[in-house]
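The next block holds one structure in the form of structure tokens; read it before the comments.
Throughout, read-outs are computed from the coordinates displayed, never taken from laboratory work. Please read all numbers here as calculations on a predicted model, not as lab measurements. Cβ coordinates were reconstructed from backbone atoms using ideal geometry, including for glycine residues, and neighbour counts include every protein chain displayed.
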Amino acid sequence: AAKEAAANDKKRSHASVPLEEELDTDAERAKRARRMGRFGTGEAVGGGKKAAQLAAERHERLKSMKLVAAGVDNDEEKEEFWDSLTIRGTNTNLEKSYFRLTSAPDPATVRPQPILEKALRRLKTEAAGESYFYLQDQMKALRQDLTVQRIRNSFTAEVYEHHARVALANQDLGEFNQCQTVLKTLYGEGVSGQEVEFLAYRVLYSAITGVTGSNINTVLSTACAMRTEPAIAHALAVRSALQEDNAVEYFRLLGAAPSLGHSGTGDLMSQKNEQVRFRHVTVACKAFQPRVPVAHLARVLGFTTHRAYVPGDGERDPVVGPDGAPRVDPPWAQPEDVAECVNWLEAHGAVVKDDGGVPSVDCKESAPRLFVPEDKNAVAHGDQTLDIADFMASF
């Protein structure tokens, strides 16, 4: 009992000390000083006069940053401080690899905006067919040069928009999300760009990844207010189809994706095709008895959407629904579509039999056998761009 009373007294005395006072003791200040001392001045042993000079300059910059962090509220002084750290590049190379900065950037290695504009045009045209490993490297170097020069304008938005589209085309959702996060900030600052297109992408991204929270609620609220835009109405319809597990509606919307003029819409939706197909087949094997023709499943599961619509071809024009979203009914399955669907079904455990010359799924036998096979393209670290085959192909 005495020990418990002493412990309670200690807790009360400790709780009575304000946090500010607790962090402002001599002991706490000494700890912080020791932690800062671990990094030293950065001067290399035997580095000579140049290394010592660079270390001194770095030390002065750190002192300035400490003053700012300590609460310098004068806007003019802050602007002068950041201007002193901003550089103007002089490099004229269109091709440059990305390296993570470990010190202040050298202007001789940074490209100014006119050169960056030429570099982006090259990546969009003559270098567009290069491997994703190469394009990723070049785009990150572009972004880095913009960042160190504090360039935040419509060209910056164009760079991030192109990088986001390239990432989507290569199923790199992580890099896409980084780009769209920066774009959201740029648009909020009044920078002009393809805001409607990327708002639609944010709606699709949240639906495909299942991300929730106040930020997504804000995105959805903004999207609902702009649903007269076909791309946004389409994204909201895709979200509803996924929530309802409606594969028929989902692949009708996927068929109309090319009509929006945004390649990223179809690229984003393709991330979910496998899951939508598997869920529908699972339900179909319970709902259809005894068998269901593969030709029907091939049409419903989107194995014919690659022939559903070609912009400029009036044969299968999209139909706009009451919600403002365009849709295209998938065409009837051809023999090659049926063969592709059979391969997919058998890879997922379905039993396909010949029913009077018509390939059909035996629902009773298939229902307990369905499974999701292991992804053969997956790599242990989760980054397909670092696969050994891609790495060796880059040489």
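Listed values, structure above:
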read-out	value
Separation of the Ser192 and Val358 label points, Cα + 7 Å toward Cβ, nm	5.7
Inverse mean reciprocal Cα-Cα distance (Kirkwood Rh) of segment 143-209, Å	12.0
D_trans [Stokes-Einstein, Kirkwood Rh over alpha-carbon pairs] for segment 78-172, 37 °C, 0.692 mPa s, µm² s⁻¹	237
Extension gain (nm, one decimal) between Thr147 and Glu126, 0.36 nm per residue minus Cα-Cα	5.0 nm
Förster radius 51 Å - calculated FRET efficiency between Thr282 and Glu95, Cβ distance, rounded to 0.05	0.55
Sites Thr25 and Thr86 - FRET efficiency at Förster radius 30 Å, r taken between beta-carbons, to 0.05	0.20
Principal axis box of segment 126-278, alpha-carbon based, largest edge first, Å	47, 34, 27
Additional length obtainable on full extension of the chain from Asp329 to Tyr134, 0.36 nm per residue less Cα span	66.4 nm
Sum of side-chain charges, Pro290 neighbourhood, beta-carbon under 11 Å (Lys, Arg +1; Asp, Glu -1)	0
GluC sites (Glu not before Pro) within segment 195-252: DSSP coil, no more than 11 neighbouring Cβ in 10 Å	Glu244
Karplus-derived HN-Hα couplings along segment 175-191 (A = 6.51, B = -1.76, C = 1.60, θ = phi - 60°), whole Hz, x at Gly and Pro	5, 4, 5, 4, 5, 5, 5, 5, 4, 4, 5, 4, 4, x, 7, x, 6
Segment 125-165 - Kirkwood radius from inverse mean 1/r over Cα pairs (Å)	10.8
Gained length - Val372 relative to Gln171, 0.36 nm times residue gap less alpha-carbon distance	70.4 nm
Label-point separation in nm, Cys224 to Thr102, each point 7 Å along Cα→Cβ	5.1
